[in-house]
Amino acid sequence: MAINKPKGSSALYASKIIKAGALIGDTKTLLSHWHVAASVDENLNRLRRENVFGKASRSRVEDVLAIFRQRYLTEAGVTRALVTLVRKKFSGPTLERLFYFHSARADRLLHDAVTEILVPMQERGLVDISVPDFQRALAKWVREGKTTGDWSESTIIRIAQGLLSTLRDFGVPEGAGNKKIAPAYIPIESFAYIVFYLKQHQPSGAKLIELPDWNLFFLSRNAVERLLFEAHQQGLLEYHVAGSVTRLMFSTDTLEEYANVLAQR
């Protein structure tokens with residue numbers, strides 16, 4: 001039975017996660033075959049012809065490419081930076097944190113599954129995660145008119161399972177059987193990349209620390225500050241605080257250039 005939602009409401013959440021998942025291996029394949037001098041459409045057409053993903057179904061290939069376009073191909077600087085990191089054999093776990101970050105920013109449902117469901121659970125001292133935890137929140141969002149359709153109970157279950165599976169593959173929950181919220185951890189190189197990216201959108205260092213994006217990694221304001229000082233000590237950026245003045249600087253101007261710096265470490 002579908003859950004009725006108010007008419008005229010604006011939808012925030014789509015069910016794309018059912019067709020997506022983390023797709024970590026396919027993401028690396030995409031980026032390793034990417035031609036930075038060609039356009040997005042030219043690249044996607046070539047990848048279709050070459051069938052680099054080895055998918056039997058054409059519709060499955062289209063689903064995957066649509067997800068990749070949404071996650072990694074809307075900002076040319078992001079695409080070029082990730083291509084650089086993949087081709088230079090950047091550390092797997094460190095790179096996967098970046099895939100997670102961009103995927104969550106591109107998909108409001110995935111983003112809010114962490115920030116609106118898991119973060120409040122962790123703050124209450126709850127670490128065990130199961131499909132019903134997502135089901136309850138999804139059903140509430142459907143009733144509030146936040147979804148693209150009147151999702152049935154079976155659809156809600158499929159989406160909840162997709163969310164848990166995707167987040168598991170991205171390393172947010174851990175455990176083969178019973179899933180638990182993983183301890184807050186982000187490699188310092190992943191953190192520095194994300195700081196550079198966010199600074200392009202929020203030049204103020206003081207305001208950057210307060211951005212809600214850090215909730216994706218369960219990082220408090222103090223934790224972000226500690227990581228900034230650590231990144232400064234490791235020469236990944238310059239971070240200085242004097243009273244109410246915060247100075248945050250990098251040695252390069254573009255994300256692609258910074259990806260090269262990170263890859264050479």
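The values are calculated or read from the model by the stated rules, or taken from the named source; none is laboratory data. The structure displayed is predicted, hence computed values, not measured ones. Every residue, glycine as well, gets a Cβ built from its backbone with ideal geometry; the counts of neighbours run over all protein chains shown.
If a residue must be over 25 Å from A81 (Cα atoms) and acidic (D, E), how many such residues does region 159-200 contain?
Here the count works out to 1.
Does D41 count as closer than 22 Å to E75 by Cα and under 16 Å from the mean Cα position of the chain (by Cα)? Give the steps one after another, and end with the answer.
Working: closer than 22 Å to E75 by Cα: yes; under 16 Å from the mean Cα position of the chain (by Cα): no.
Taking the combined requirement at face value, the residue does not satisfy it.
Can you find, within region 52-78, the residue that is nearest to A106 (Cα to Cα) among those that are part of a helix (DSSP H, G or I) and polar (S, T, N, Q)?
Residues of region 52-78 that are part of a helix (DSSP H, G or I), as a first pass: 58-72, 76-78.
From the residues that got through so far, the ones that are polar (S, T, N, Q) too are 59, 70.
Numbers: S59: 21, Q70: 6 Å.
Checking each candidate, the answer is Q70.
Cβ contacts < 9 Å: first residue buried (at least 17 other Cβ atoms within 10 Å of the Cβ), restricted to region 112-134; second residue of a type in the set (S, T, N, Q) and assigned to a loop (DSSP other than H, G, I, E, B), any location; separation 6+ or different chain. Result?
Cβ pairs passing all conditions: I129/N178.
Tell me, please, whether a residue that is within 25 Å of Q122 (Cα to Cα) and assigned to a loop (DSSP other than H, G, I, E, B) can be found in region 195-215. Give the derivation first.
So the first thing to find is which residues in region 195-215 are within 25 Å of Q122 (Cα to Cα), and the list is 195, 198, 207-215.
Next cut, assigned to a loop (DSSP other than H, G, I, E, B) only: 210-211.
There is at least one residue in region 195-215 that is within 25 Å of Q122 (Cα to Cα) and assigned to a loop (DSSP other than H, G, I, E, B).
Tell me which residues, restricted to region 138-147, are in a helix (DSSP H, G or I), in contact (Cβ under 8 Å) with a residue 24 or more places away in the chain and surrounded by fewer than 19 Cβ atoms within 10 Å (Cβ to Cβ).
Residues satisfying the conditions are A139, R143.
Could we say that P203 is without any contact (Cβ under 8 Å) to a residue 12 or more places away in the chain and either touching a Leu at 6+ places or on another chain (Cβ under 7 Å) or closer than 30 Å to V245 by Cα (or both) here?
Numbers: without any contact (Cβ under 8 Å) to a residue 12 or more places away in the chain: yes; either touching a Leu at 6+ places or on another chain (Cβ under 7 Å) or closer than 30 Å to V245 by Cα (or both): yes.
So P203 fits the description; yes.
Of all residues in region 20-51 being in a loop (DSSP other than H, G, I, E, B) and in contact (Cβ under 8 Å) with a residue 24 or more places away in the chain, which is surrounded by the fewest Cβ atoms within 10 Å (Cβ to Cβ)? Break it down stepwise before answering.
Looking only at region 20-51, we keep the residues that are in a loop (DSSP other than H, G, I, E, B), and these are 20-23, 33-39, 51.
Okay, now just the ones that are also in contact (Cβ under 8 Å) with a residue 24 or more places away in the chain, so 20-23, 34, 36.
Values: A20: 20, G21: 18, A22: 20, L23: 20, W34: 22, V36: 12.
Among them, the one singled out is V36.
What's the number of the condition R158 fails, among (1) under 23 Å from F191 (Cα atoms); (2) at pLDDT 95 or above?
Unmet for R158, out of (1) under 23 Å from F191 (Cα atoms); (2) at pLDDT 95 or above: (1).
Mind checking which residues of region 98-137 are β-branched (V, I, T) and not in a loop (DSSP other than H, G, I, E, B)? Steps first, answer last, please.
As a first pass, look at region 98-137 and keep what is β-branched (V, I, T): 114-115, 117, 119, 127, 129, 131.
Within region 98-137, V114, T115, I117, V119, I129, V131 qualify.
If you take the residues in region 148-194 that are assigned to a helix (DSSP H, G or I) and among the polar types (S, T, N, Q), which one is nearest to P93 (Cα to Cα)?
Of all residues in region 148-194, those assigned to a helix (DSSP H, G or I) come to 153-169, 188-194.
This time we only want the ones that are among the polar types (S, T, N, Q), so: 154-155, 161, 165-166, 190.
On the way: S154: 33, T155: 31, Q161: 23, S165: 17, T166: 15, S190: 9 Å.
Here the answer is S190.
Scan region 52-65 for residues that are aliphatic (A, V, I, L, M) and touching a residue at least 40 places away in the same chain (Cβ under 8 Å) and jot them down. Before the answer, list the steps.
Residues of region 52-65 aliphatic (A, V, I, L, M): 52, 56, 61, 64-65.
V64, the sole residue that qualifies.
Does V245 qualify as being farther than 24 Å from G92 by Cα and of a type in the set (V, I, T)?
So V245 fits the description; yes.
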